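In what follows, a single structure is set out as structure tokens and then discussed.
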Amino acid sequence: MSEHENINDLAPIEQPPTAAGLDILKLEKVSYAYTKGGKKVIKDISYDFETGKVYAITGPSGAGKTTLLSLISGLTTPTEGRVIYDGHDLAKLNRYDYRSHDIGVIFQSFNLLPGLTVAENIELSMNASGMKYEAPKREIVMDLLAEVHLPEEYANERILHLSGGEQQRVAIARALSYDPKIIVADEPTGNLDLTTQDDIIHIFQELAHEQDRCVIIVTHSPAVAKASDVVFELAPLRHSVPKRQGAGVRRAGKAAPKSATAGRASARVDAAPAARKAPGRTARQ
Amino acid sequence: MFVLKNAWKSVTRNKGRNILISIIVIIIAAAATIGLAIQQAAIKARDTGLENTTITAQIGIDRSQMLSAAKDAMQSASSTSSSSDSSSSSSDSKPDFDSMRDALNTDALTLTDYQEYADSSSSVKSTYYTETTSLAETDDFQPVEDSTSSAFSSSSSSSSSSSSSDSSSSDSSADMKGGMGGGDMGGGMGMTTSGDFSLVGFSSDEALANAPNGTFTMVEGQAFDYTASDDNDVIISQELADFNNISVGDTITLENANDSGTTYTFTVVGIYKNSSTTSTGSFGPMSSTSSDPANAIYTSVATLQKIGLSSDDTVEATTNSGDTMKTAAATLSFTYVFADEDAYNQFVKDVEAAGLPDNYTVSSTDIETYENSLIPLNNLASFAKTLLWIVLAVGAVILIVLTLFNIRERKYEIGVLTAIGVRKSKVAAQFTLELLIVTMIGLVIGTGIGAAVSQPVSNSLLSSQVSAQETSASNQQAQFGRDMMQPGDMGGSSSTDSTDSSSSSSSDSSASTDANSSGQSSTDTTNSAPSQPTNTPGGFQQVTNYVSSVNATVNLTVVGLMLLIGIGLTLVSALVAVIFVMRYEPLQILADRS
């Protein structure tokens with residue numbers, strides 16, 4: 001938590017915290033098929049994502065987790081239905097802008113540029129967003145590194161020389177660099193040791209609870225699912241469905257409509273996310 | 001800005017690859033610069049070489065055409081022909097020379113004709129003409145000759161370098177005396193001048209300035225007047241004056257070459273000295289004294305008319321076979337002067353419209369000789385053009401392949417960039433910009449190298465072209481024992497002056513004339529030696545001073561073209577990158593979970 005003080009110091013302009021529970025992202029009867037008229041990988045999913053919470057999307061392989069992630073992160077558009085970000089249909093928004101401003105995606109394979117240094121990778125995303133920053137970019141990078149628990153001297157290290165866990169942190173830092181409202185992570189703890197895993201989850205929790213972001217994690221790991229506020233089960237599988245009181249959506253389309261909305265009320269949400277909300281760096285925008 | 005920054009960062013990051021591309025671009029640019037510079041120089045030399053030069057032209061007869069027509073006419077009438085005479089009696093197959101000459105003679109243009117054509121075109125700046133006749137020696141006035149010279153050489157070079165005079169001069173002179181050079185009509189070998197002196201009448205100072213024997217300077221006295229027709233003023237060469245111990249004010253007496261009874265008396269008002277000897281090569285055994293420039297007597301046309309030896313007059317001539325023929329007393333050489341090449345071209349069209357018969361051609365030795373001198377340069381220019389295209393094609397292919405590999409290698413980067421929200425167009429722009437930066441660096445260096453070496457390289461290429469040209473000429477020499485026949489109606493002893501951008505048409509042949517050296521594309525000429533020196537037995541030679549040095553300086557045009565080429569090549573290869581980027585879907589990177 002000590003790092004947070006640093007961040008707060010460097011981001012002087014404070015804004016009133018956003019109201020908790022804002023529906024930042026909505027899936028409306030989303031279906032997706034890779035080929036036109038082909039087999040649907042995702043069928044008729046409806047779900048609302050709120051800020052201030054950590055969501056875990058689980059499911060077996062082939063359940064369409066990655067596809068859903070692609071839809072959320074605006075890498076592709078649904079064949080049917082709509083993805084609504086902040087009241088706007090994503091299909092009508094410029095998805096490049098959406099990706100560069102509004103959503104931070106942490107890919108499973110990190111997708112950092114190996115030839116660049118840590119700082120360059122992060123700055124690349126900052127530049128790509130086209131946003132103006134009040135603090136020098138280098139300082140923001142240092143803050144971000146601190147936030148993801150990376151020592152400062154890593155800034156000039158090439159990505160190639162970093163371990164998987166370190167790369168994961170850099171990827172998170174990059175996703176955070178332009179201060180998006182939504183953070184999406186694909187198997188963020190995939191090949192990490194337990195300590196690192198815990199730390200990473202911790203970071204995600206901070207992002208959601210203290211900075212009022214919507215954190216969506218696609219994961220296999222029960223530990224991650226446990227640590228998250230809401231679990232969104234993609235496949236009609238085992239006992240995890242009832243546990244979350246209808247949070248799961250049956251892929252077969254049998255799931256009751258609006259079940260996700262019901263889940264929100266009873267989910268194991270942190271008691272008062274808004275109260276502990278860090279001022280964040282929203283001012284940078 | 002983001003794109004530019006990223007592109008620049010990427011360029012500096014991948015030094016090895018970009019240096020490789022740069023080196024390739026440098027090579028392409030250097031080669032292309034040299035090629036372009038040579039082409040530019042050749043074009044400029046062609047355009048500006050005759051720019052400030054007045055062009056002279058003559059109307060000549062396409063004699064082969066005429067002769068074949070005459071032959072046809074004769075053959076059809078051979079049974080009843082009365083013109084068959086002793087000269088052809090030995091063999092029926094022998095050409096009927098007299099009829100041939102007759103045919104040629106009747107078709108010769110008269111002074112009036114020439115003037116009519118001059119009036120028909122507005123592009124004629126001025127005209128002048130010379131008339132050349134021959135006179136025989138008298139006891140107290142002898143031609144300059146050495147012991148080996150034969151006054152009655154059968155075949156000699158005409159003293160006139162003008163091509164149009166060939167037709168008529170050969171007719172008239174061949175009939176007068178001496179053997180006829182067989183059927184050798186085309187090459188000017190058939191031109192025979194008899195007599196001991198050539199008396200050249202000039203129509204104006206302009207004609208005098210373009211005297212057939214080259215420019216001269218007055219040593220003593222002054223030139224004759226053109227209007228005063230009654231004083232029989234002449235100027236003679238210094239050699240002739242020294243030989244006969246004549247000074248200004250003396251009178252000389254000469255005989256009619258065809259009629260020894262008729263004598264003419266002239267007053268020497270000046271003595272001139274040829275500043276150059278254009279009609280060299282007349283010292284061989286076959287040349288006649290009258291073709292020796294030293295034996296040229298200059299006077300006005302008016303004087304010629306007065307003594308009845310102008311081209312409008314006719315003389316009775318007796319051939320060696322005993323026939324008597326009427327021929328023009330003098331050879332007319334009519335010259336049209338034009339301000340520039342365009343006017344000349346206009347004139348060619350105008351006279352055609354005015355009804356110049358098909359068997360006459362308008363020709364300009366100025367242009368011909370200038371174009372001859374440009375042969376090596378033109379060869380080089382076409383070589384340079386080929387080189388340019390090959391270099392550009394190979395360069396484009398190499399660049400495209402390199403870009404393709406580059407892009408395939410950076411597929412991952414494209415995926416990441418698009419995944420984090422960089423627009424494809426920006427990615428494509430970045431890649432294009434990267435390529436542009438690298439190629440521009442290469443282009444600048446390459447153009448610099450090309451500019452530095454284009455001068456020596458093009459000159460050495462040109463000199464090898466010139467020597468190749470000379471080798472082919474000397475091969476011709478070895479094969480035929482004489483120079484190559486010049487196509488068209490080039491005169492017998494035509495000494496082709498080097499014509500460069502500043503030299504006038506009357507520039508001397510021996511001197512290497514340096515052109516306006518300050519000019520962008522000046523062409524220097526050096527006296528690239530003729531294939532055979534002066535005592536060719538044939539008595540005629542071809543001195544062509546090839547343009548052997550070219551100012552292939554890289555100028556703004558070349559730089560601009562290089563820039564265009566560079567951008568063009570870059571864009572072509574960048575197109576590959578753009579297509580690749582545009583086809584790439586960022587989703588693939590997620591699907592590709594390695």
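Given the condition within 24 Å of A:SER61 (Cβ to Cβ), aromatic (Phe, Trp, Tyr) and crowded, with 24+ Cβ neighbours inside 10 Å, answer yes or no: does some residue in region A:172-192 qualify?
No: zero hits.
Return yes when A:ILE103 is out of contact with any Phe, Trp or Tyr (no Cβ under 7 Å at 6 or more places or on another chain), more than 8 Å from chain B (Cβ to nearest Cβ), open to solvent by less than 20 Å² (accessible area, probe 1.4 Å) and on the phi < 0 side of the Ramachandran plot and no when it is not.
Answer is yes for this residue.
Every residue, every condition in (1) within 26 Å of B:ASN232 (Cα to Cα); (2) open to solvent by 10 Å² or more (accessible area, probe 1.4 Å); (3) at pLDDT 80 or above, yes or no:
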{"site": "B:MET180", "(1), (2), (3)": "no, yes, no"}
{"site": "B:ASP184", "(1), (2), (3)": "no, yes, no"}
{"site": "B:GLY190", "(1), (2), (3)": "no, no, no"}
{"site": "B:THR193", "(1), (2), (3)": "yes, yes, no"}
{"site": "B:ASP196", "(1), (2), (3)": "yes, yes, no"}
{"site": "B:PRO212", "(1), (2), (3)": "yes, yes, no"}
{"site": "B:THR217", "(1), (2), (3)": "yes, yes, yes"}
{"site": "B:GLU220", "(1), (2), (3)": "yes, yes, yes"}
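Can you name the condition, by its number, that A:ASN121 falls short on among (1) within 14 Å of chain B (Cβ to nearest Cβ); (2) surrounded by fewer than 19 Cβ atoms within 10 Å (Cβ to Cβ)?
(2)
Looking at B:VAL453, B:VAL457, B:VAL438, B:VAL444, can you tell me which residue is under 30 Å from A:TYR96 (Cα atoms) and out of contact with any strand residue (DSSP E or B) (no Cβ under 7 Å at 6 or more places or on another chain)?
Step by step, each of B:VAL453, B:VAL457, B:VAL438, B:VAL444 is checked, and only B:VAL438 is under 30 Å from A:TYR96 (Cα atoms) and out of contact with any strand residue (DSSP E or B) (no Cβ under 7 Å at 6 or more places or on another chain).
Return the residues of region A:27-47 that are buried (at least 20 other Cβ atoms within 10 Å of the Cβ) and within 16 Å of A:SER73 (Cα to Cα); say none if nothing qualifies.
A:LEU27, A:VAL30, A:TYR32, A:ILE42, A:ILE45, A:TYR47
Residues checked against (1) out of contact with any strand residue (DSSP E or B) (no Cβ under 9 Å at 6 or more places or on another chain); (2) modelled with pLDDT of 85 or more; (3) under 19 Å from A:ASP199 (Cβ atoms):
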{"position": "A:ARG82", "(1), (2), (3)": "no, yes, no"}
{"position": "A:GLY104", "(1), (2), (3)": "no, yes, yes"}
{"position": "A:ASN111", "(1), (2), (3)": "no, no, no"}
{"position": "A:SER129", "(1), (2), (3)": "yes, no, no"}
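Kindly establish whether A:SER163 is more than 8 Å from chain B (Cβ to nearest Cβ), open to solvent by 10 Å² or more (accessible area, probe 1.4 Å) and either farther than 19 Å from A:LEU207 by Cβ or in contact with a strand residue (DSSP E or B) (Cβ under 9 Å, 6 or more places away or on another chain) (or both).
Yes.
Of (1) within 14 Å of another protein chain (Cβ to nearest Cβ); (2) within 16 Å of A:PHE232 (Cβ to Cβ), A:LEU75 satisfies all except one. Which?
Here A:LEU75 meets the rest and fails (2).
Kindly list, by first and then second residue, each pair from a residue in region B:115-135 that is of a type in the set (Lys, Arg) to a residue that is not in a strand (DSSP E or B), limited to pairs with Cβ atoms under 7 Å and residues at least 6 apart or on different chains.
B:LYS125/B:THR54; B:LYS125/B:ALA339; B:LYS125/B:ALA343
Residues of region A:58-72 being more than 14 Å from chain B (Cβ to nearest Cβ) and surrounded by 22 or more Cβ atoms within 10 Å (Cβ to Cβ), which ones?
Matches in region A:58-72: A:THR58, A:GLY59.
Considering (1) modelled with pLDDT under 90; (2) within 14 Å of chain B (Cβ to nearest Cβ); (3) touching a strand residue (DSSP E or B) at 6+ places or on another chain (Cβ under 9 Å), say which one A:ILE183 fails and leave the rest.
Only one criterion in (1) modelled with pLDDT under 90; (2) within 14 Å of chain B (Cβ to nearest Cβ); (3) touching a strand residue (DSSP E or B) at 6+ places or on another chain (Cβ under 9 Å) is unmet by A:ILE183, namely (1).
Considering every residue within region B:425-435, establish whether at least one is open to solvent by 50 Å² or more (accessible area, probe 1.4 Å), within 14 Å of chain A (Cβ to nearest Cβ) and either in a helix (DSSP H, G or I) or closer than 30 Å to A:GLY130 by Cβ (or both).
yes
Quick check on region A:92-109. Is at least one of its residues in contact with a Ser or Thr (Cβ under 7 Å, 6 or more places away or on another chain), part of a loop (DSSP other than H, G, I, E, B) and of a type in the set (Gly, Ala, Ser)?
yes
Suppose the filter is away from chain A (no Cβ under 14 Å) and open to solvent by less than 60 Å² (accessible area, probe 1.4 Å); does B:THR403 pass it?
Yes, satisfied.
So which residues in region B:1-52 are open to solvent by 50 Å² or more (accessible area, probe 1.4 Å) and away from chain A (no Cβ under 14 Å), if there are any at all?
B:ILE19, B:LEU20, B:ILE23, B:ILE27, B:ILE43, B:LYS44, B:ARG46, B:ASP47, B:GLU51, B:ASN52 - these are the residues of region B:1-52 that are open to solvent by 50 Å² or more (accessible area, probe 1.4 Å) and away from chain A (no Cβ under 14 Å).
Restricting attention to region B:436-459, and to residues there that are open to solvent by less than 30 Å² (accessible area, probe 1.4 Å) and more than 30 Å from B:LEU374 (Cα to Cα), which single residue is farthest from the other protein chains (Cβ to nearest Cβ)?
The selected residue is B:LEU443.
May I ask you to list the residues in region A:125-140 that are assigned to a helix (DSSP H, G or I) and more than 19 Å from the chain's Cα centre (by Cα)?
A:ASN127, A:LYS137, A:ARG138, A:GLU139, A:ILE140, listed by residue number.
Evaluate region A:166-180: report whether one residue or more is touching a helix residue (DSSP H, G or I) at 6+ places or on another chain (Cβ under 8 Å), over 17 Å from B:ILE420 (Cβ atoms) and at pLDDT 85 or above.
Within region A:166-180, one or more residues are touching a helix residue (DSSP H, G or I) at 6+ places or on another chain (Cβ under 8 Å), over 17 Å from B:ILE420 (Cβ atoms) and at pLDDT 85 or above.
Of (1) part of a strand (DSSP E or B); (2) within 17 Å of the chain's Cα centre (by Cα); (3) more than 8 Å from chain B (Cβ to nearest Cβ), A:GLY81 satisfies all except one. Which?
(2)
State the number of residues belonging to region A:213-228 that are open to solvent by 10 Å² or more (accessible area, probe 1.4 Å) and within 23 Å of A:ASP23 (Cα to Cα).
Number satisfying all stated conditions: 3.
The values are calculated or read from the model by the stated rules, or taken from the named source; none is laboratory data. Since the model is a prediction, treat every value here as computed from it, not as a measurement. Ideal geometry is used to build each Cβ from the backbone, glycine not excepted, and the neighbour counts take in all protein chains shown. These accessible areas exclude ligands, DNA and RNA; they are computed on the full protein's heavy atoms, side chains included. Shrake-Rupley method; radii C 1.70, N 1.55, O 1.52, S 1.80 Å.
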